[in-house]
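A short write-up of the structure that comes next.
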Amino acid sequence: MGAADGPKPDPEATGAPEVPVNATSKVPGGDAPLLAVESVSKFFGSVIALSEVSTSARAGEVTCVLGDNGAGKSTFIKMLAGVHQPDRGGIWLDGTRVAFASPREALDAGIATVYQDLAVVPLMSVWRNFFLGAEPRRRFGPVRLFDVAAARRITREQLGAMGIDVRDTDQPVGTLSGGERQAVAIARAVYFGARVLILDEPTSALGVKQAGVVLRYIAAARDRGLAVVFITHNPHHAYPIGDRFLLLNRGRSMGDFGKDEIDQAELTRLMAGGAELDELAHELARADPAEPPGSAAEASRLLAEEADELRRE
Ligand SMILES: Nc1ncnc2c1ncn2[C@@H]1O[C@H](COP(=O)(O)OP(=O)(O)OP(=O)(O)O)[C@@H](O)[C@H]1O
Ligand SMILES: [Mg+2]
């Protein structure tokens, strides 16, 4: 396993403490989180993609990572997934410091990542997607054959256990709805033994109903004891399901809150950037007060109203 065999960086050299603060301080009397991230930074040349970001994820809980475009959300999860290595700080799994040299090492340690675009192969059947790269084999004399019947049965059972009723596991995944496709990827990660499930914006391309469906599957994975890391820019998706909220803004942490430390209105306010909306309203405003409806002035008035409303919430 990557956790045991991976190279162990010298904590002195990376400037991170040997024992993550998150492991003990955030939940009084609580046991150590499954995953602790402590003061990680990532630089791309002169770009500071992430600076000193910390959070944690517990088994049976959902940690939400929120932020606007370019906030560093994808960079953050790519470090957990072994795609990038942090330049500073560290990651602890089960209290043991880990350093993943590749996505394979992270996966072997039980960290599964569902990327929005790479979740599935649309033209392949549901069951083939489910077993992609990990086909069940049956011995037939000296040869081992791909056991199609078992693959179909397991796929149906596993999707069923997540509350997903696929009519026909032979149908191409491309014919499923966006939400169902996410569900197949989630059920797959659960079946193949993930302990930490990372979802990069699984709801962002979906309508209200479908997003609700995916949120239910996230809850199902959580209830099966996984630590879920849910990336989104939508506080309305995050708050109902989240237990912890990490807010990123231009690579910096605006806070790492437990649910009892922040309410939905505050989370929405921090995410919406009430002040920035206000600034934009002024910038868009015209000198001429006699603007017709539908004009830039009208739009800026509406923006200003929205900013006021956010502040009131
Ligand atoms: N490989 C890279 N090389 C150089 N800069 C990068 C690289 N990856 C990310 N960045 C920069 O790091 C910053 C954070 O990017 P990141 O993709 O993590 O943001 P994000 O929060 O996922 O945004 P989005 O919501 O648009 O997906 C951006 O300024 C981006 O340009
Ligand atoms: Mg991203």
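Name the shape class, rounded, prolate or oblate, that the alpha-carbon gyration tensor gives for the stretch 61-126, where a ≥ b ≥ c are the square roots of its eigenvalues, rounded holds for a/c under 1.5, and otherwise prolate holds if a/b is larger than b/c and oblate otherwise. Working shown, then result.
Numbers: a/c = 1.93, a/b = 1.33, b/c = 1.45.
It comes out oblate by the Cα gyration axes.
Given axes a ≥ b ≥ c from the Cα gyration tensor, I'd like to know whether the stretch 218-269 is rounded (a/c under 1.5), prolate (a/b larger than b/c) or oblate. In terms of gyration-tensor shape, prolate. Placing pseudo-labels 7 Å out from each Cα toward the beta carbon at residue 216 and residue 301 gives an inter-label distance of 4.3 nm. In this simple spin-label approximation, residue 208 and residue 309 carry label points 7 Å from Cα along the Cα→Cβ vector, and these lie 1.4 nm apart.
Each of the peptides 216-225, 168-177, 48-57, 82-91 was scored by the mean count of other Cβ atoms within 10 Å over its residues; in descending order, highest first, they stand as 48-57, 82-91, 216-225, 168-177. Suppose the Debye formula is applied to equal point scatterers at every Cα of the stretch 143-234; what is log10 I(q)/I(0) at q = 0.11, 0.12, 0.19 Å⁻¹? Those come out to -0.32, -0.38, -0.90, one per q.
Over 14 Å, how big is the tail of the calculated P(r) for the stretch 26-83, in percent of all Cα pairs?
Everything past 14 Å amounts to 60 percent.
For the stretch 92-106, putting each phi into the Karplus relation 6.51 cos²θ - 1.76 cosθ + 1.60 with θ = phi - 60° gives couplings of 10, 10, 6, x, 10, 5, 10, 9, 8, 7, 7, x, 4, 5, 5 Hz, in residue order, rounded to whole numbers and with x for Gly and Pro. Taking the number of Cβ atoms within 10 Å of each Cβ as an exposure proxy, the fewest-first ranking of 200, 243 is 243, 200. Arranged from fewest to most other beta-carbon atoms within 10 Å of their beta carbon, 96, 203, 268 become 96, 268, 203.
Taken together, the values in this text are just the output of simple stated rules run on the coordinates, not laboratory data. What you are looking at is a predicted structure, and each value in this text was computed from that prediction instead of being measured. Backbone-built Cβ (ideal geometry, glycine too); neighbour counts: all protein chains shown.
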